[in-house]
Amino acid sequence: MKKLNVILSLIMFGFLLNSCNNDNAQASYPYSVSMTDAPGPYQQVNVDVIGVEIKGEGSESITLNVIPGIYDLLKLSNGVEKLIATDTLEISKISQIRLILGTRNTVVLDGITYPLSTPSAEQSGLKLQVHQTLQEGIMYHVLLDFDANKSIVKLGNGGYKLKPVIRTVETAISGAIKGTITPIGALAVATATNLVTLETYSTNVNVEGKFLVMGLPAGKYSLTITPDITIVPALKEVKVDNIDVEIGQTKIIAAISLL
């Protein structure tokens, strides 16, 4: 995360330096895209990223400077994210991000690696609607939040298909809830529910008992920690009410005991 912040700071510095040296230059908007994940019941979910495109108004498209590679989504959770593309845009309205995947996508389950077919991604890319209006002087960072549980589809022939379910998170205009549970090591899901819209946002608690629910619009939330009682029957579900989430802030709550 520290490395990511350094990279983003360097991008912003270059943008500001260029602005000072050329007051008459066209307005430009530093922009970056990262990936993160809500874990699923797999050992690995590997996606082959080969391109990221931005679509502006009309048919205008811009190919970002991508960092290609095969990324294991299950290493990107609870606040961990991976920078996959950066650029400085000269358009102020963004309607769509297109994530282009290659053919080397795989899932590992019980030690066995299965290929993931991704026909739609190979042909035209995964189209993610964002509808942003950019302002000069602000760095924009978009997080592509994969849901591994919903993105892997088991086929009738025993194989698997990647049908990505991705939520876009504009980190500059959202908040988060962070906390810990006991006992450490318990399998559990943390779900934040907006008390007005009733929209829910979830993540898994990691092996250290920590969780971070990101991409929350400002508002009042309830937080529910749901343990896997099939493993430890003595654990109980716990709910915390009336959590205020503010834009650009991470709300840290007191440790939650599931016993």
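The values are calculated or read from the model by the stated rules, or taken from the named source; none is laboratory data. This is a predicted model, so every value here is computed, not measured. Glycine gets a Cβ as well: all are built from the backbone with ideal geometry, and neighbour counts include every protein chain shown.
For the subset of the stretch 154-180 comprising residues that are among the basic types (Lys, Arg) and more than 16 Å from Leu144 (Cβ to Cβ), which member is nearest to the chain's Cα centre (by Cα)?
Pass one, the stretch 154-180, residues among the basic types (Lys, Arg): 154, 161, 163, 167, 178.
This time we only want the ones that are more than 16 Å from Leu144 (Cβ to Cβ), so: 154, 161, 178.
Working: Lys154: 23, Lys161: 20, Lys178: 15 Å.
The qualifying residue nearest to the chain's Cα centre (by Cα) is Lys178.
Taking the conditions exactly as written (at pLDDT 90 or above and out of contact with any Lys or Arg (no Cβ under 6 Å at 6 or more places or on another chain)), does Asn105 satisfy them or not?
Here the answer is yes, as Asn105 does meet what is asked.
Inspect the stretch 147-157 for any residue being in the same structural domain as Val52 (by TED's automatic domain parsing), among the basic types (Lys, Arg), modelled with pLDDT under 90 and out of contact with any Asp or Glu (no Cβ under 7 Å at 6 or more places or on another chain) and give the result as yes or no.
Yes, some residue in the stretch 147-157 is in the same structural domain as Val52 (by TED's automatic domain parsing), among the basic types (Lys, Arg), modelled with pLDDT under 90 and out of contact with any Asp or Glu (no Cβ under 7 Å at 6 or more places or on another chain).
Do we have any residue at all in the stretch 33-45 that's modelled with pLDDT of 90 or more and assigned to a loop (DSSP other than H, G, I, E, B)?
Checked the stretch 33-45: no residue is modelled with pLDDT of 90 or more and assigned to a loop (DSSP other than H, G, I, E, B).
Filter the stretch 108-136 down to residues that are of a type outside the set (A, V, I, L, M, F, W, C) and either modelled with pLDDT of 90 or more or touching a helix residue (DSSP H, G or I) at 6+ places or on another chain (Cβ under 8 Å) (or both), then give me how many there are.
4
For the stretch 174-253, give me every one of the strands (runs of 3 or more DSSP E) that falls completely inside it and has 1 or more residues that are among the basic types (Lys, Arg) and surrounded by 14 or more Cβ atoms within 10 Å (Cβ to Cβ).
So the answer is 175-182, 210-216, 250-252.
Output the residues belonging to the stretch 188-217 that are farther than 29 Å from Leu126 by Cβ and at pLDDT below 90.
Correct list: Val207 only.
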